[in-house]
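Right, one structure below, let's go through it.
The values are calculated or read from the model by the stated rules, or taken from the named source; none is laboratory data. Quantities reported herein were computed from a predicted structural model and do not represent experimental measurements. In this analysis, Cβ positions are derived from the backbone assuming ideal geometry, glycine residues included, and neighbour counts consider all displayed protein chains. Surface areas here come from the heavy atoms of the whole protein model, side chains and all, with no ligands, DNA or RNA. Shrake-Rupley method; radii C 1.70, N 1.55, O 1.52, S 1.80 Å.
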Amino acid sequence: MDDDQLISAAYDRLITDYLNSRHRKKVDLIAKAFNFARQAHKGVRRLSGEPYIMHPIAVAQIVCSEIGLGSTSICSALLHDVVEDTDYTVEDIENMFGTKIAQIVDGLTKISGGIFGEQASAQAENFKKLLLTMSEDIRVILIKIADRLHNMRTLESQPANKQYKIAGETLYIYAPLAHRLGLYKIKSELENLSFRFEHPDDYASIERKLNETQVTRREAFDLFTEPIEAMLQRMGLHYEIRERIKTPYSIWNKMQKKHVTFDEIYDILAVRIIFTPTSREAEARECFNIYVELSKIYKSHPDRLRDWVNHPKANGYQALHVTLMSKQGHWIEVQIRSDRMDEIAEQGLAAHWKYKEQGPDGKGEYSEDENELNEWLHTIKEILDDPQPDAMDFLDAIKLNLFASEIFVFTPKGEIKTMPADCTVLDFAFTIHTFLGSHCIGAKVNHKLVPLSHRLRSGDQVEVLTSNSQRVQPAWVNFACTAKAKAKIQSILRRNSREKQKAGEELLNAWLEKNGFEPSLALADQLAHYHECLRREEFYQALGERIVLLGDADIDELKGKNKEKKSSEGSSGKWRKYVPFVKAKKDELPTSSSQQPELFVVPPDFNRKKSIFITDENITQYLFPDCCHPIPGDDVLGYINNQNRIEIHKRACPVANKLKASYGNRILDVKWDMKRRLFFDATIRLSGIDRRGLVNDVTRVISNQLSVDMRKVLFTSDDGIFEGTLELRVHDREDVRAIVTSLQQVQDLKEISQIM
């Protein structure tokens, strides 16, 4: 098939799906946008080799078929790269397609110039622009999610470092966004694709195990649903029963968090009952009727009933979740939904947005039932209106707002407020009003006095207590959970700290002049880095509050006398440089730390697309932060820090996820090329039934069978249950897997996991 046939086939499929949708038919407008985009991108190809226009068509296809939007969104998707990649401007788009489409395309176009300043992340800036436009028209973010989904589906053609950057950004921002907008299907696919590119071996292993257990899972499903089907038929309902299999990403995530193996995860299978209600009014009642009948067949878990029918999630999701004990002795979750609820669960809020197409520019309006969404957009707008000086803080604040679990809290007058799980009294106070939050001294929860940091539970009734003498405290940031509370607290603290910063800056300049230095920002940055302050403003504030006092050591730093000492210790106490424990003769070992190689400094012409190989010889040239403790065999990446040194992180490390989402252009592909000569620390946690000789069995397996050195062994026993940790020296991750496998053979050991 040649290029023209390929393009025509893709466009015909888009038009067919659009004509089969419930939207008003504006084929002429879509054809005009397609022809314009095709001409604009003519002769350009993607990295995969296909014509570039195939990408906008694919994004429009997702927007139409998988999100369910109309002609305005489809045209915007077809045109979304025109302004960025060609000579056409937003004004050209407006003249041809109207204000609304031009506004959406502008929101989807990347920006140059700085909101946060030169040091900040371009990704965060683009994301900020996207959200600013989104708060005017939610379709901007929906098209952006569609764009990201197609990029993830075609990520194979990108170099490895770009894959990690895009996958990390997707997992950190776009998957939670899709979840928040109710796009569960897309959210799951984004997570799985990210997982497949970042951890290909783990992904393949889980996929293989899912395929191997498919037959037994199907048998369990049939056995479990047989009496349910008979019950639904007796009730005279028109229904469908589906199995829901946990995705590879969520299985892997649970394995990491709970330190369990694939075989120990029992909620891989869930059951979905989708029925057609007799009427919209009877929908909720019939959901509960089904639950009552289910409880007669299987025992239900008393603490795991989730009523999202009467209290929908903030993203519109409705269903009744119950957990039942199967005859095989496993808890199985059953989700009860009407077909309308199922459509909203699959397509998100887009399933019940009714766009009123008006005028030649296809200007759209939202229906009035999106109160929760509008409240969320208002919160986003508040965060955007308060300029965050740091890209990472900004992304964190937005991400905090994309909560997955929700609780329902009552005001003293009985109004319901939807809040994120684990939120505190302080979060609730800021949700009601900024004044209440900033002057909050505590609360009465269910008529009982509690402090600001008290965590709320679903069903709590909260009365906020205030005092005019109360002021916002820096410690509040540590227990605030919601984006709104954190953003307001930080905004007030920043306002309060400006005076301290000014005093600190004046103090520094006076000290520099007194000691013969010309005050400059470069010297301020140098001393800020020396005192481990991430930003210059932070350093000024520490000086203003007298937390940092300037002295002789600072003079030595400015004169370069600390350089030698610093290079041997690493850039700060937060970094751990590996000391090789080599199986070699004494005379082959380095005699002193001064003979260790210098840290590698990235030169200006460094090729960032090329993989870096860590060897036994060059491992000490890289920084290994304490956040994730990577060892050979782990999936890792590199990050070029502000000092042009390379940090090595696990790809799943929370810090690395932020870095990928904020500073993707500094991410490098890193591979291990070790010869199993060096040793690394690994800690294994054990628990089981205590008995005489158990410790002996464990140590014999490790020392005799596997010839592994143990650095520290700690066992405690309580009421016949023992817990223990082993600190070992291993060559790589394969050694850890072998140790865990061998320990699983020891009688009475019930749980074995590696501490990250």
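Check the stretch 647-654 and report whether any residue there is modelled with pLDDT under 85, basic (Lys, Arg), buried (at least 16 other Cβ atoms within 10 Å of the Cβ) and in contact with a helix residue (DSSP H, G or I) (Cβ under 7 Å, 6 or more places away or on another chain).
From the stretch 647-654, those modelled with pLDDT under 85 are 654; that's our starting set.
Imposing the further condition that a residue be basic (Lys, Arg) reduces the set to none.
The answer is no; no qualifying residue exists.
Here's a check for you: in the stretch 225-281, which residue that is of a type in the set (Lys, Arg) and assigned to a helix (DSSP H, G or I) is nearest to Val740 (Cα to Cα)?
The initial filter retains those residues of the stretch 225-281 that are of a type in the set (Lys, Arg), namely 234, 242, 244, 246, 254, 257-258, 272, 280.
Subset that is assigned to a helix (DSSP H, G or I): 234, 254, 257-258.
On the way: Arg234: 51, Lys254: 18, Lys257: 17, Lys258: 15 Å.
Only one residue tops the list, namely Lys258.
Tell me the residue from Thr213, Thr261, Thr225, Thr247 that is closer than 24 Å to Gln347 by Cα and either open to solvent by 60 Å² or more (accessible area, probe 1.4 Å) or of a type in the set (Val, Ile, Thr) (or both), please. If you could, list the steps in order and put the result at the bottom.
Working: Thr213 fails: closer than 24 Å to Gln347 by Cα; Thr261 fails: closer than 24 Å to Gln347 by Cα; Thr225 fails: closer than 24 Å to Gln347 by Cα.
Result of the check over Thr213, Thr261, Thr225, Thr247: Thr247.
From the set of residues in the stretch 149-202 that are of a type in the set (Ser, Thr, Tyr) and under 12 Å from the mean Cα position of the chain (by Cα), which is nearest to Tyr249 (Cα to Cα)?
From the stretch 149-202, those of a type in the set (Ser, Thr, Tyr) are 154, 157, 164, 170, 172, 174, 184, 188, 194; that's our starting set.
When the remaining residues are screened for being under 12 Å from the mean Cα position of the chain (by Cα), the result is 170, 172, 174, 194.
Details: Thr170: 13, Tyr172: 14, Tyr174: 15, Ser194: 9 Å.
So the residue we want is Ser194.
Give me the strands (runs of 3 or more DSSP E) completely within the stretch 679-756, filtered to those with at least 1 residues that are under 15 Å from Ile631 (Cα atoms) and either within 32 Å of the chain's Cα centre (by Cα) or modelled with pLDDT of 85 or more (or both), ordered by residue number.
Working: elements: 680-689, 709-718, 721-730, 749-755.
Output list reads 680-689, 721-730, 749-755.
If you check every pair at least six apart or on different chains, which have Cβ atoms under 7 Å apart with a residue in the stretch 317-341 that is of a type in the set (Phe, Trp, Tyr) first and a residue that is part of a strand (DSSP E or B) second?
Final answer for the pair search is Trp331/Thr323; Trp331/Met325.
Quick check on this structure: which one of Glu156, Glu219 is of a type in the set (Asp, Glu) and within 19 Å of Arg244 (Cα to Cα)?
Details: Glu156 fails: within 19 Å of Arg244 (Cα to Cα).
Being of a type in the set (Asp, Glu) and within 19 Å of Arg244 (Cα to Cα) holds for just one of Glu156, Glu219, which is Glu219.
Which residues, taken from the stretch 41-58, are modelled with pLDDT of 90 or more and of a type in the set (A, V, I, L, M)?
Result: Ile53, Met54, Ile57, Ala58.
Filter the stretch 721-744 for residues that are among the hydrophobic types (A, V, I, L, M, F, W, C) and crowded, with 16+ Cβ neighbours inside 10 Å; which is farthest from Asp681 (Cα to Cα)? Walk me through how you get there before you give the answer.
The initial filter retains those residues of the stretch 721-744 that are among the hydrophobic types (A, V, I, L, M, F, W, C), namely 721-722, 726, 728, 730, 736, 738-740, 743.
Right, trim to crowded, with 16+ Cβ neighbours inside 10 Å and you get 722, 726, 728, 730, 736, 739, 743.
On the way: Phe722: 23, Leu726: 10, Leu728: 6, Val730: 6, Val736: 10, Ile739: 14, Leu743: 18 Å.
Once the filter is applied, the top-ranked residue is Phe722.
If the requirement is being among the polar types (S, T, N, Q), surrounded by fewer than 16 Cβ atoms within 10 Å (Cβ to Cβ) and out of contact with any Ser or Thr (no Cβ under 8 Å at 6 or more places or on another chain), which of these qualifies: Ser491, Ser469? Spell out the reasoning first.
Numbers: Ser491 fails: surrounded by fewer than 16 Cβ atoms within 10 Å (Cβ to Cβ).
When all the criteria are applied, what remains is Ser469.
Give the stretch 282-298 a look and list any residue that's open to solvent by 40 Å² or more (accessible area, probe 1.4 Å) and more than 25 Å from Ile407 (Cα to Cα), or say none.
Of the stretch 282-298, the ones open to solvent by 40 Å² or more (accessible area, probe 1.4 Å) are 285, 288-289, 291-293, 295-297.
Those that are open to solvent by 40 Å² or more (accessible area, probe 1.4 Å) and more than 25 Å from Ile407 (Cα to Cα): Glu293, Lys296, Ile297.
Across the stretch 516-534, what is the total count of residues that are touching a Leu at 6+ places or on another chain (Cβ under 8 Å) and touching a residue at least 24 places away in the same chain (Cβ under 8 Å)?
Total satisfying the criteria: 4.
Does the stretch 299-316 hold any residues that are crowded, with 16+ Cβ neighbours inside 10 Å and either more than 36 Å from the chain's Cα centre (by Cα) or of a type in the set (A, V, I, L, M, F, W, C) (or both), and which are they?
Trp308, Val309, Ala314
Can you tell me which of Asp28, Asp85 is surrounded by fewer than 17 Cβ atoms within 10 Å (Cβ to Cβ) and more than 30 Å from Tyr663 (Cβ to Cβ)?
So the residue among Asp28, Asp85 that is surrounded by fewer than 17 Cβ atoms within 10 Å (Cβ to Cβ) and more than 30 Å from Tyr663 (Cβ to Cβ) is Asp28.
Looking at the stretch 681-705, I want the residues that are more than 14 Å from Val740 (Cα to Cα) and among the β-branched types (Val, Ile, Thr) and have a partner that is part of a strand (DSSP E or B) and open to solvent by 40 Å² or more (accessible area, probe 1.4 Å) with Cβ atoms under 9 Å, at least 6 apart or on another chain. Which pairs are those?
Within 9 Å, the pairs are Ile689/Ile721; Ile689/Lys750; Val695/Val713; Val695/Phe715.
Restricting to the stretch 660-673, name every residue that is at pLDDT below 85, within 13 Å of Asn642 (Cβ to Cβ) and surrounded by fewer than 24 Cβ atoms within 10 Å (Cβ to Cβ).
Hit for the stretch 660-673 is Tyr663, nothing else.
What's the number of the condition Glu189 fails, among (1) open to solvent by 40 Å² or more (accessible area, probe 1.4 Å); (2) in contact with a Leu (Cβ under 9 Å, 6 or more places away or on another chain); (3) outside any helix (DSSP H, G or I)?
Result: Glu189 passes all but (3).
Condition check ((1) surrounded by 15 or more Cβ atoms within 10 Å (Cβ to Cβ); (2) out of contact with any Cys (no Cβ under 9 Å at 6 or more places or on another chain); (3) under 24 Å from Pro632 (Cβ atoms)) across all residues:
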{"position": "Arg676", "(1), (2), (3)": "no, yes, yes"}
{"position": "Phe679", "(1), (2), (3)": "yes, yes, yes"}
{"position": "Thr683", "(1), (2), (3)": "yes, yes, yes"}
{"position": "Arg692", "(1), (2), (3)": "no, yes, no"}
{"position": "Val695", "(1), (2), (3)": "yes, yes, no"}
{"position": "Thr699", "(1), (2), (3)": "no, yes, no"}
{"position": "Ser707", "(1), (2), (3)": "no, yes, yes"}
{"position": "Lys712", "(1), (2), (3)": "no, yes, yes"}
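Mind checking whether some residue in the stretch 150-159 is assigned to a helix (DSSP H, G or I), modelled with pLDDT of 90 or more, open to solvent by less than 10 Å² (accessible area, probe 1.4 Å) and under 21 Å from Gln103 (Cα atoms)?
There is no residue in the stretch 150-159 that is assigned to a helix (DSSP H, G or I), modelled with pLDDT of 90 or more, open to solvent by less than 10 Å² (accessible area, probe 1.4 Å) and under 21 Å from Gln103 (Cα atoms).
Output the residues belonging to the stretch 31-51 that are surrounded by 19 or more Cβ atoms within 10 Å (Cβ to Cβ) and either outside any helix (DSSP H, G or I) or free of Cβ contacts under 8 Å to residues at least 60 places away in the same chain (or both). Lay out the reasoning, then the answer.
To start, the set of residues in the stretch 31-51 that are surrounded by 19 or more Cβ atoms within 10 Å (Cβ to Cβ) comprises 33-34, 36-37, 40-41, 51.
Hits for the stretch 31-51 are Phe34, Ala37, Ala40, His41, Pro51.
Return the residues of the stretch 318-349 that are in a strand (DSSP E or B), within 15 Å of Glu243 (Cβ to Cβ) and not polar (S, T, N, Q); say none if nothing qualifies. Step through it out loud before you land on a result.
Taking the stretch 318-349 as the starting set, the residues that turn out to be in a strand (DSSP E or B) are 320-325, 331-338.
This time we only want the ones that are within 15 Å of Glu243 (Cβ to Cβ), so: 324, 332-337.
Hits for the stretch 318-349 are Leu324, Ile332, Glu333, Val334, Ile336, Arg337.
Is it the case, given these coordinates, that Leu232 is in contact with an Asp or Glu (Cβ under 9 Å, 6 or more places away or on another chain) and open to solvent by less than 30 Å² (accessible area, probe 1.4 Å)? Walk me through how you get there before you give the answer.
Values: in contact with an Asp or Glu (Cβ under 9 Å, 6 or more places away or on another chain): yes; open to solvent by less than 30 Å² (accessible area, probe 1.4 Å): yes.
Against the criterion (in contact with an Asp or Glu (Cβ under 9 Å, 6 or more places away or on another chain) and open to solvent by less than 30 Å² (accessible area, probe 1.4 Å)), Leu232 qualifies.
How about the stretch 507-533: which of its residues are at pLDDT 85 or above, in a loop (DSSP other than H, G, I, E, B) and open to solvent by less than 90 Å² (accessible area, probe 1.4 Å)?
Of everything in the stretch 507-533, those that are at pLDDT 85 or above, in a loop (DSSP other than H, G, I, E, B) and open to solvent by less than 90 Å² (accessible area, probe 1.4 Å) turn out to be Asn515, Gly516, Phe517, Pro519, Ser520.
Against the definition (touching a Gly at 6+ places or on another chain (Cβ under 8 Å), more than 20 Å from Ser326 (Cβ to Cβ) and either outside any helix (DSSP H, G or I) or open to solvent by less than 30 Å² (accessible area, probe 1.4 Å) (or both)), how does Gly182 come out, yes or no?
On the way: touching a Gly at 6+ places or on another chain (Cβ under 8 Å): yes; more than 20 Å from Ser326 (Cβ to Cβ): yes; either outside any helix (DSSP H, G or I) or open to solvent by less than 30 Å² (accessible area, probe 1.4 Å) (or both): yes.
Criteria met by Gly182.
In the stretch 88-141, which residues are open to solvent by 10 Å² or more (accessible area, probe 1.4 Å), assigned to a loop (DSSP other than H, G, I, E, B) and modelled with pLDDT of 65 or more?
Tyr88, Thr89, Gly98, Thr109, Lys110
When the stretch 282-299 is examined, which residues are found to be part of a loop (DSSP other than H, G, I, E, B) and of a type outside the set (Phe, Trp, Tyr)?
Quick first cut of the stretch 282-299, residues part of a loop (DSSP other than H, G, I, E, B) only: 282, 298-299.
Selection gives Ala282, Lys299.
Kindly check whether there is at least one residue in the stretch 6-21 that is touching a residue at least 60 places away in the same chain (Cβ under 8 Å) and out of contact with any helix residue (DSSP H, G or I) (no Cβ under 6 Å at 6 or more places or on another chain).
Scanning the stretch 6-21 turns up no residue that is touching a residue at least 60 places away in the same chain (Cβ under 8 Å) and out of contact with any helix residue (DSSP H, G or I) (no Cβ under 6 Å at 6 or more places or on another chain).
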